[in-house]
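Comments concern the structure below.
The values are calculated or read from the model by the stated rules, or taken from the named source; none is laboratory data. Quick caveat, the model's predicted, so the values are computed rather than measured. No Cβ is skipped: glycine too gets one built from the backbone with ideal geometry, and neighbour counts run over all protein chains shown. These area figures cover heavy atoms from the full protein model, side chains too; ligands, DNA and RNA do not enter into them. Shrake-Rupley method; radii C 1.70, N 1.55, O 1.52, S 1.80 Å.
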Amino acid sequence: MTVVTCVAGVAFAANPVSAASPILPKQFAGWQIQGAAEASKDAAAADPTNAALLKEYGFTDFESATYKSDDGRTLKIRAARFADASGAFGAYSFYLRPEMAREEIGDQGSSLNQRVLFYRGHIVVEAVFSQLSVMSAAGLRELAGVLPRPTGNAANLPPILAFMPHRGYQANTEKYAEGPLALGAIASPVPSDLIDFSANPEVVLGQYSTPGGEATLMLIEYPTPALAAEHLRRIDSAHHAAQPQAGVEAVENVGPFFDKRTGPIIAIASGPLSQSDAQTLLGAVNYEASVTWNENTYFDKKNNIANLLVNIILLCIIVGAISLAAGVAFGGARVLLRKYFPGPIFGRADHDEFISLDLGEASAQASRARPSPTPDASNRS
């Protein structure tokens, strides 16, 4: 098995960054490069047998080098970049084998004996050790950390991968295709003519364990639900037709065949499946449209509830201070005016400025004016 590593760029001349930045470092984790790394923009240098398929995934350039450790062990690394992380994942899935063991290296990694395969961002790496040690995986993790990284949308994996069910999935069987060559290499239950890669679909396929045996689940995502509905009609028509339609290749004989559409995704289940098993497998694939409101909500340092409360407190302090200052100014002005202008306007006595009611004196006068009570008749005698 030959494994490659890929650099970002859809076309060689279209990505000057990939030509300027080398892929492999001079040293990492105690490994020193021997000589200079061999670089090439020819996909055949990475994999002569599958050069066209690598180009379909967006291959841009390739590097290989031999490293040596202090204890004399050697490590051969082959690395290449693709236009984006989708292409790197596709190439990684192409070289991945079910018998490989999962490794926590890069974005995803696997190993078989002394051979380790992993991808990081838009780069796929194959490393072959002359002799393994307890630090071999740690060294490759350090290598993955210093590899060049893509930016923007080039760093995103295909969204369709998130719709693959986890229940029943057989490890290392997920395959991703962006064109007819990759589709032909992953044993697709639907030929490329029916999928129609001119409509820019994305295809992912995986193997699942069911009560009836091993089944294949294939997801095809189109740019719009209308395109998905149109291609689903073509697939169903070709599957049920006794003869191929004109210009359209019939679906291969893959045994029981079930499909459905959910949003822009066509889900196809094939293999030794009963109808209930197929419904269970297809039922795990559901597309839910999400709407993102990207208008700025201004929830920042100047626009939040805490800031509003602080401003209210400051406003209360300012209003109180102004009121206090106004009261002091008004009272002080009256004192000064009465001192320096003791005339009839500003110099009146305090008792003339208030209306008072002498209720005590009025009560006494009322008591004096009241007649004395008449003596009781019994007291007259």
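Quick notes on this structure:
- Taking 7 Å steps out from each Cα toward its Cβ at Val319 and Ala185 produces label points 7.4 nm apart.
- Per-residue SASA entry for Lys26, accessible area with 1.4 Å probe, Å² rounded to 10: 140 Å²
- Contour minus Cα-Cα distance for Val146 and Leu308 (0.36 nm per residue): 53.8 nm
- The stretch between Gln34 and Ala284 holds 85.0 nm of extra length on full extension. This uses 0.36 nm per residue minus the Cα-Cα distance.
- Alpha-carbon Debye profile of segment 176-236, log10 I(q)/I(0) at 0.15, 0.18 Å⁻¹: -0.46, -0.64
- If R0 equals 41 Å, the separation of the Cβ atoms of Ser21 and Ala101 corresponds to a calculated FRET efficiency of about 0.85.
- Per residue, in Å², the accessible surface of segment 145-214 once ligands and nucleic acids are set aside, probe 1.4 Å: 46 Å²
- Taking GluC sites (Glu not before Pro) across segment 47-131, the ones in a DSSP loop with at most 11 further Cβ atoms lying within 10 angstrom of their Cβ are Glu99, Glu104.
- Estimated from the Cβ-Cβ distance and a Förster radius of 51 angstrom, the FRET efficiency linking His240 and Asp71 is about 0.20.
- Compactness of segment 82-234 was expressed as the Cα radius of gyration divided by 2.2 N^0.38 Å, which yields 1.14.
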